[in-house]
Amino acid sequence: MTTNISFLLNGDKISYDIKEHWTLLHLLREKLGLIGTKEGCGNGECGACTVIIDKLAVNSCLYLAIEADGKTIETIEGLASTDGTLHPIQQSFVDNGGIQCGFCTPGMIMSSKALLDENPDASREEIKHALAGNICRCTGYIQIFESVEAAQEKVAANKGGKDE
Amino acid sequence: MKAFKYLSPTTVEEAIAFHGRHSETAKYMGGGTDVIVKVKEGWMEPDFLISLKKIKKIGELNKNNATGELSIGAMVTHATLEKSLMIQNEYPIIYDAVSNIGSLQVRNVGTIGGNLINAVPSADGAIPLIALDGVALLHGPEGERSVAVKDLFVSPYKTILKPREILKKITIPPQAPHTGSAYIKFGRRAAMELPLIGIGVLLTLNEIQGTCTKARICLGVAAPTPMRAFDAEKFLIGKKINEAILIEAGKIAADESRVRDSVRGKAWHRKEMIRVHVRRMGQKCLELINAGK
Ligand SMILES: Cc1cc2nc3c(=O)[nH]c(=O)nc-3n(C[C@H](O)[C@H](O)[C@H](O)COP(=O)(O)OP(=O)(O)OC[C@H]3O[C@@H](n4cnc5c(N)ncnc54)[C@H](O)[C@@H]3O)c2cc1C
Ligand code: FES
Ligand code: FES
């Protein structure tokens with residue numbers, strides 16, 4: 001039961017022969033070698049596997065690879081520039097203590113990116129609501145919310161600034 | 001995960017035909033947030049998964065402004081409902097319920113149809129649709145039939161759907177003016193937790209006298225299936241709604257409930273929370289009515 005699918009992954013066109021029962025997480029990590037996306041629970045509970053599919057944050061552990069056919073997918077590997085410069089959200093997590101062990105970080109950052117792409121001015125409440133499915137055992141969350149807010153300021157400043 | 005064949009029909013008829021050919025070993029899938037977990041855990045072992053994602057017709061959300069009827073396709077995701085301004089403004093009880101289902105990642109994929117057909121006693125999506133007198137449109141090999149959402153549920157994990165039947169959509173009849181509605185998923189934490197108890201209240205008041213002409217009090221996790229507190233509803237009819245009346249309605253609803261002790265919470269606590277939150281949700285309805293929403 002092999003099927004060929006093609007999709008856009010971090011801007012690159014990918015075509016791959018998949019098995020119909022593979023999850024997208026399995027395809028990304030085990031076949032394409034993109035191990036930035038993490039597997040925590042495997043059951044939708046922790047958010048470590050979060051990727052962005054057609055602009056929406058999704059748990060790749062519960063999403064069948066076959067359903068990625070024709071879709072646009074973003075993973076943590078697609079965020080930094082080719083010269084290694086981190087994406088403002090990534091840099092912000094580094095600068096504001098949003099990362100400790102780092103296991104939840106790719107998922108946290110992808111959820112944050114999906115949110116800020118849609119709603120750059122998200123409030124603290126909206127940030128909490130959007131990140132409620134991303135579990136972190138280290139930071140206590142406050143630094144994560146602050147990291148997202150700092151990224152908002154940075155993005156606004158780069159655009160000519162709203163408050164500054 | 002067990003291997004299966006994935007089918008993605010583009011019409012309901014085609015889906016039913018696929019299911020007929022593979023009967024015992026086929027399973028429909030909406031967003032898959034429940035099905036995939038079950039297949040991974042080995043609780044479900046389909047040879048064929050029939051995805052309903054490509055059936056465009058059952059994924060539409062629209063309101064007929066001429067008749068006032070709302071139509072929610074079974075494949076509409078919780079996130080689509082949550083983000084809809086029409087839902088936020090005109091059906092706050094739906095917004096209250098769907099915006100706290102699981103996480104955003106789950107709501108971006110999970111559907112209202114899957115939530116109903118899953119038929120867990122705690123299904124957050126069921127309560128508002130029952131309170132709004134929703135009607136489910138089912139389609140099987142013998143054609144279509146309509147059933148009130150409140151009559152869909154038989155027991156935990158079991159609905160009246162026949163094996164090959166598909167839920168196509170839920171229609172909500174027009175709402176009378178001066179109607180308010182609200183839901184609370186009560187638990188330790190709303191996100192990523194099943195509710196300890198779910199409480200939905202809908203009230204319609206007579207414009208001139210301000211008396212209650214329609215009341216719905218719907219409870220999740222209060223019985224093996226989502227339930228209506230009919231005695232409490234009856235008590236409210238014809239009364240001028242104030243705090244004392246809502247407190248009384250809360251007591252009646254708590255007495256009517258068939259809550260149980262479970263690992264997640266005690267029956268006495270659930271009853272207490274029904275009392276408290278029937279009152280609070282009733283007050284929220286009044287606030288919405290007064291605000292002209
Ligand atoms: C981490 C996590 C948290 C969750 N939190 C909550 C929560 O807080 N509240 C809550 O209520 N639920 C919760 N759920 C359960 C689940 O996500 C929801 O019930 C969701 O709405 C199911 O929809 P789905 O489209 O993903 O269903 P699926 O998994 O696709 O299907 C569920 C069932 O319905 C059947 N089905 C689906 N669509 C149709 C149709 N149109 N016609 C006939 N049969 C159909 C399937 O065959 C299957 O038996 C959670 C799940 C996860 C993984
Ligand atoms: S690994 Fe997907 S949510 Fe935990
Ligand atoms: S940094 Fe360790 S889990 Fe979040």
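The values are calculated or read from the model by the stated rules, or taken from the named source; none is laboratory data. Not measured: the values here are computed from a predicted model. Every residue, glycine as well, gets a Cβ built from its backbone with ideal geometry; the counts of neighbours run over all protein chains shown. The protein model used for the area step is the full one, side chains on, heavy atoms only, and it has no ligands, DNA or RNA in it. Shrake-Rupley method; radii C 1.70, N 1.55, O 1.52, S 1.80 Å.
For every residue, the table says whether it meets (1) of a type in the set (Asp, Glu); (2) open to solvent by 10 Å² or more (accessible area, probe 1.4 Å); (3) not in a strand (DSSP E or B).
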residue	(1), (2), (3)
B:Lys63	no, yes, no
B:Thr67	no, yes, yes
B:Ile72	no, no, no
B:Met75	no, yes, yes
B:Ala79	no, no, yes
B:Gly102	no, yes, yes
B:Gln105	no, no, yes
B:Val109	no, yes, yes
Legend entry - the stretch B:193-221, residues that are in contact (Cβ under 8 Å) with a residue 24 or more places away in the chain, assigned to a loop (DSSP other than H, G, I, E, B) and open to solvent by 40 Å² or more (accessible area, probe 1.4 Å): B:Leu194, B:Asn206, B:Glu207, B:Gln209
Legend entry - All positions within the stretch B:90-127 that are of a type in the set (Ser, Thr, Tyr) and away from ligand 3 (no atom under 16 Å from the Cβ): B:Tyr91, B:Tyr95, B:Ser99, B:Thr111, B:Ser122
Legend entry - Residue selected from the stretch A:106-130 under the condition free of Cβ contacts under 8 Å to residues at least 24 places away in the same chain and touching a helix residue (DSSP H, G or I) at 6+ places or on another chain (Cβ under 9 Å), by the criterion nearest to A:Gly44 (Cα to Cα): A:His129
Legend entry - Exclusive hit being touching a helix residue (DSSP H, G or I) at 6+ places or on another chain (Cβ under 9 Å), more than 22 Å from B:Ala249 (Cβ to Cβ) and open to solvent by less than 40 Å² (accessible area, probe 1.4 Å), set B:Gly143, B:Gly180, B:Gly114: B:Gly114
Legend entry - Single unsatisfied condition, A:Ile127 versus (1) among the β-branched types (Val, Ile, Thr); (2) touching a Pro at 6+ places or on another chain (Cβ under 8 Å); (3) within 14 Å of another protein chain (Cβ to nearest Cβ): (2)
Legend entry - Residues that are open to solvent by 20 Å² or more (accessible area, probe 1.4 Å), near ligand 1 (Cβ under 9 Å from one of its atoms) and more than 17 Å from A:Gly44 (Cβ to Cβ), drawn from the stretch B:17-51: B:Lys27, B:Tyr28
Inset, instruction - Take A:Cys101 and decide whether it is in contact (Cβ under 8 Å) with a residue 24 or more places away in the chain and more than 16 Å from ligand 1 (Cβ to nearest atom). - result: yes
Inset, instruction - Quickly run through the stretch B:222-245 and pick out the residues that are in a helix (DSSP H, G or I) and within 19 Å of the chain's Cα centre (by Cα). - result: B:Phe230, B:Glu233
Legend entry - Test set (1) more than 21 Å from B:Phe230 (Cα to Cα); (2) touching a residue at least 40 places away in the same chain (Cβ under 8 Å); (3) surrounded by fewer than 23 Cβ atoms within 10 Å (Cβ to Cβ); (4) not aliphatic (A, V, I, L, M) - B:Lys162 fails condition number: (2)
Inset, instruction - Give the number of residues within the stretch B:147-159 that are crowded, with 19+ Cβ neighbours inside 10 Å and not β-branched (Val, Ile, Thr). - result: 3
Inset, instruction - Scan (1) away from every other protein chain (no Cβ under 14 Å); (2) within 16 Å of the chain's Cα centre (by Cα) for the single condition B:Gly68 breaks and write down its number. - result: (2)
Inset, instruction - Please verify whether the stretch A:127-145 includes one or more residues that are crowded, with 22+ Cβ neighbours inside 10 Å, in a loop (DSSP other than H, G, I, E, B) and away from ligand 2 (no atom under 16 Å from the Cβ). - result: no
Inset, instruction - Those residues that are away from ligand 1 (no atom under 16 Å from the Cβ) and touching a Lys or Arg at 6+ places or on another chain (Cβ under 7 Å), I need them from the stretch A:18-71; list them, please. - result: A:Ile35, A:Thr37, A:Ile52, A:Asp54
Legend entry - Hey, A:Ser111 surrounded by 15 or more Cβ atoms within 10 Å (Cβ to Cβ), part of a helix (DSSP H, G or I) and more than 16 Å from ligand 1 (Cβ to nearest atom) or not: no
Inset, instruction - Kindly indicate whether B:Lys5 is within 25 Å of B:Ser103 (Cα to Cα), facing chain A (nearest Cβ under 10 Å) and open to solvent by 50 Å² or more (accessible area, probe 1.4 Å). - result: no
